[in-house]
1. Cα centroid distance between region B:1-31 and region A:96-158, in Å?
2. May I ask you to give the average projected area over all directions of the convex hull of the Cα atoms of region B:145-229, in nm² rounded to one decimal?
3. In terms of Cα to Cα distance under 13 Å, which aspartates and glutamates are near enough to B:K217, apart from those fewer than 8 places away along the same chain?
4. Give me the dipole magnitude in Debye, nearest 20, for chain A about the Cα centre, with unit charges on the beta carbon: positive for Lys and Arg, negative for Asp and Glu.
5. Using alpha-carbon pairs under 8 Å, 6+ residues apart, how would you state the relative contact order of region A:182-286 in percent?
6. Over chain A, what per residue volume does the convex hull of the Cα atoms give, in whole Å³?
7. Once you average over the residues of A:42-48, how many Cβ atoms of partner chains fall within 10 Å of each Cβ?
8. Based on the mean of other Cβ atoms within 10 Å per residue, sort peptides A:161-174, B:36-49 so the most packed one is first.
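The values are calculated or read from the model by the stated rules, or taken from the named source; none is laboratory data. Fair warning: this is a prediction, and the values are worked out from it, not measured in the lab. No Cβ is skipped: glycine too gets one built from the backbone with ideal geometry, and neighbour counts run over all protein chains shown. These accessible areas exclude ligands, DNA and RNA; they are computed on the full protein's heavy atoms, side chains included. Shrake-Rupley method; radii C 1.70, N 1.55, O 1.52, S 1.80 Å.
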Protein chains: 2
Amino acid sequence: MELKVQILGSSSAIPLSGRNPTAQFVTIASRHFLVDCGEGTQIQLRRNRIGFSRIEHILISHLHGDHFYGLVPLLSTLHLLDRQKEVHIYGPPELEKGIYDLLALSHAKLRYPLVFHPLNMKEPDLVYEDKGIKVHSFPLKHSLPCCGFFFQEKPKPRKFIKEALAKYSIPNAEIRQIKQGADWEDENGNIVPNHELTTDAPASLSYAFCTDTKPIKQLRKLLPDAPDLLYHEATFSEDLKDRAKQTKHSTAKQAAEIAQLVEAKHLIIGHFSVRYDEFDELLQEAKAVFPKTHIAVEKTTFKLQSSEKLLIELGS
Amino acid sequence: MELKVQILGSSSAIPLSGRNPTAQFVTIASRHFLVDCGEGTQIQLRRNRIGFSRIEHILISHLHGDHFYGLVPLLSTLHLLDRQKEVHIYGPPELEKGIYDLLALSHAKLRYPLVFHPLNMKEPDLVYEDKGIKVHSFPLKHSLPCCGFFFQEKPKPRKFIKEALAKYSIPNAEIRQIKQGADWEDENGNIVPNHELTTDAPASLSYAFCTDTKPIKQLRKLLPDAPDLLYHEATFSEDLKDRAKQTKHSTAKQAAEIAQLVEAKHLIIGHFSVRYDEFDELLQEAKAVFPKTHIAVEKTTFKLQSSEKLLIELGS
């Protein structure tokens, strides 16, 4: 299994040519989540060759325009493309009426079902669960109610060593329990310990998405676990700490400190102010605190195959 | 003086990479009008190096999303850029509430004045006038109320021949009347006819914008004059005439026929369906009827310096 984060946009509020507002396409255990949907996200999906049929769940962190102005245009296009399958939207409660108001203004009646899931903007909450994964929301601290999201693979069973089947004459029906960790008692009463029958389960990977927010020192308590991969906003560099505080954003250094505090394995920083033409200063500032920091450049894909192994593919 | 039409987007409803929804930047007698504002128009303005301070008047033809989903994002960015000067918006009456609803949802209170001018969707109407130009709206025929726009320079005074001043001892105070067409009677009672004192006034140029609409055979009656330049939608080619009729759009051939009927000097066609990868078929179809037809390719600027002289600059 693989956890994949595709950066569709990582600029802050003012879009520039080649720098789009926040949107990410997250794939975890083969489930897909579009996280935030700034203006132009549908074009960014096309540029990243992400088929619209893979849009199933859309999470909106908060209602600043640069995080959701592309939502209704995308929903309209899905309608024009004759979408039939339902779309699930998770967002601040007021968003639901806003979507229908704007659709009504533009004379669009969607031909597919839209299922709206209001987020709890005050407490951590389970927003999605199936047999393989869980997604929690948790409150961030911004100038308006804002949620982060925590994507988590569920613990997986241990891997059964096929050769043990014949060696110890284990019936097929027993394998499930052994994969859960049980030892095996053969017909002579000999106990074969589990570690001779199985190898460790593949890692259950996790990803936390945090934008827009001031640094939250208690963030670890809001997360169900330490994230393998953390995306944290870093709108400013440390010399603009006051500006960050005033606008309830974070500096690159603060983002790195948060990565340490929550015991993340890898950090991606993004949501850079338009004042930065290049991001090396922000990257170095964060790396001084948290060496495994990376930049959320558009068209970059981050692939996590185990806690330790992060692959970075730069798009063309 | 010059009439200039910059194509920011000319695709129909479904945006594709490199093909943006409708938006044009029209400059006439040094006044600027943004005409329609599909998703991503603010990025297109930047790509075309059109400074946001030149955004003064925004005309919205109708409320299909591909013609206005970029409006509130643009208004928000103007706010973030500390805009002070007012912005005038001309659109279907329901748009005003829609703008404020979406701004409220995104917690944005504009710091500059927004002046909304509801369009008359049923009758031709004067929507803007100053000493140099007039802009009329007129009803088109689409699946929902839709307006076209007619931009027109006012008649200009004739040009005074400077040499006549000394030759006929004309006092400065008389020049204004002579430029309006008056003859001159010198102190001996001799009449100097106006054509010896002046040359023809520079042409008063005009531009008609027509999208989305089925062909309107009576269109000439809705326009105050024959347009020098006509933009007419041509969503389909003639072999999809039935589809055009059903969706209340036009074919390239029909657009050309309308250009003939309204006695336009030049025609630009656009708003092409996503089914067309290239537009030569549409261009040839229109040219067979109306030879002076051009394609509204993005980043193209059409400059009209006289009725006859159309310059086309292709953007890079």
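1. Answer, in whole Å: 36.
2. Numbers: hull surface 30.8 nm².
Over every viewing direction, the Cα hull of region B:145-229 projects on average to 7.7 nm².
3. Answer for B:K217, where 13 Å is the Cα cut-off: B:E257, B:E263, listed by chain and number.
4. Rounded to the nearest 20 debye, it is 480 debye.
5. Details: 166 pairs, mean separation 26.4, N = 105.
Relative CO of region A:182-286 lands at 25 percent.
6. So the per-residue hull volume is 153 Å³.
7. Working: counts 6, 9, 1, 1, 5, 3, 1.
Taking all residues of A:42-48 together, the mean is 4.
8. B:36-49, A:161-174
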